Amino acid sequence: MTARRPIIGVFDSGFGGLTVLKALLEVIPDADYAYFGDTARLPYGSKSVDTVARYAVEAAHYLESHGAQLLVIACNTATALALDRITQAAHVPVVGVVEPGAETAAAATKNRKIVVIGTEATISSHAYRKALEMRGLEAREKACPLLVPLVEEGWVEHGVTEQVARIYLGEAFADGFADADVLVLGCTHYPLLKPLLHRVAPSHVNIVDSAESTARTVAGHLQELLPPAGNPKDERRAVARLKFFATDSVEKFRRLGQRFLGHEIADVLHVDLKE
Ligand code: DGL
């Protein structure tokens, strides 16, 4: 007898959310995944709340129609701007990336001062600051809009990216925040810059990756939300089945996506969402 395997829907504006899928696969290898990348409409990081919410709700419904029993909003911008609206519109549980990131930051800080970096829209929403202040922490938020295009260019170890990161982090860890001891990566693309950011950030700083924190949170919820039926031993041995949906070129999704996921991507379907 085969046990029911959960289908986890993962949504992002494009390829970046594959860093969250990568973390999910490490923590929960025995689920099936449907990943939706809204590549035709990215970037979300410079768009308004209404636009991001509308796009994200359409994608959430699409993933539900493909069997998703739990939705992970891997996009920091979509989580920060529209998690409430997505949760209201969805018929299944929804997990965003901001709360797990804030929770891990709270556990990691000693002096209760945190720096968060993200897109323009994420930072302007102050979603991370609110989540951190709720936990009694002081937060400095810094928009780093140049980092997403540099990562998409593949310049993760490039001198230009290092210089840009030095300027951003120099401004963030200043004026009362020089002693902040945690840096939250509040954008799907930044996990690829972790080695570079470790070099550039002050040496006493711990880096918190929202992707990893989110995967651990999803694992915690999963047991409760979707208790496995049948023989769990057989299930644990099974390899995750991955399906990908992209609103722009399938070929580009495969090419760029493998940098974020860390291995080849097959089975990508083009989706044309009607406005
Ligand atoms: N996925 C977005 C985020 O995590 C970054 C890319 C975009 O701006 O669409 O904020």
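The values are calculated or read from the model by the stated rules, or taken from the named source; none is laboratory data. Just so it is clear, the structure is predicted and the values come from calculations on it, not from any experiment. For neighbour counting, all protein chains shown are included, and Cβ atoms are generated from backbone atoms with ideal geometry for every residue, glycine included. In case anyone asks, the SASA skips ligands and DNA or RNA and just uses the protein heavy atoms, side chains included. Shrake-Rupley method; radii C 1.70, N 1.55, O 1.52, S 1.80 Å.
The protection proxy used here, the mean number of other Cβ atoms lying within 10 Å of each residue, ranks peptides 241-251, 209-219 as follows, highest first: 209-219, 241-251.
Residues Val27, Val116 ordered from highest to lowest accessible area at a 1.4 Å probe: Val27, Val116.
Can you bin the range 162-223 into rounded, prolate or oblate? Criterion: square roots of the alpha carbon gyration tensor eigenvalues sorted a ≥ b ≥ c, rounded for a/c under 1.5, prolate for a/b above b/c, oblate for the rest. Prolate, since a/c reaches 1.5 and a/b exceeds b/c. Relative contact order for the range 1-57: 42 percent, from Cα pairs under 8 Å spaced at least 6 residues apart, divided by residue count.
The value of relative contact order for the chain, using C-alpha pairs under 8 Å at least six residues apart, is 28 percent. Here's the list of lysines a cross-link from Lys113 could span, going by alpha-carbon distance under 27 Å and ignoring same-chain residues fewer than 8 apart: Lys130, Lys142, Lys194.
Hey, what's the Kirkwood Rh for the chain if you take every pair of different alpha carbons, in angstrom?
With all distinct Cα pairs of the chain included, I get 18.8 Å.
With all protein chains in place and a 1.4 Å probe, the accessible surface of the chain carries 53 percent carbon and sulfur. Surface analysis of the chain yields an accessible area of 44 Å² per residue, using protein heavy atoms and a 1.4 Å probe.
For the range 148-163, putting each phi into the Karplus relation 6.51 cos²θ - 1.76 cosθ + 1.60 with θ = phi - 60° gives couplings of 4, x, 5, 5, 5, 6, x, 8, 7, 10, 9, x, 5, 5, 5, 5 Hz, in residue order, rounded to whole numbers and with x for Gly and Pro.
What the phi angles of the range 120-127 give under the Karplus curve with 6.51, -1.76 and 1.60, with θ = phi - 60°, is a coupling list of 3, 5, 4, 5, 5, 6, 6, 4 Hz, glycine and proline written as x.
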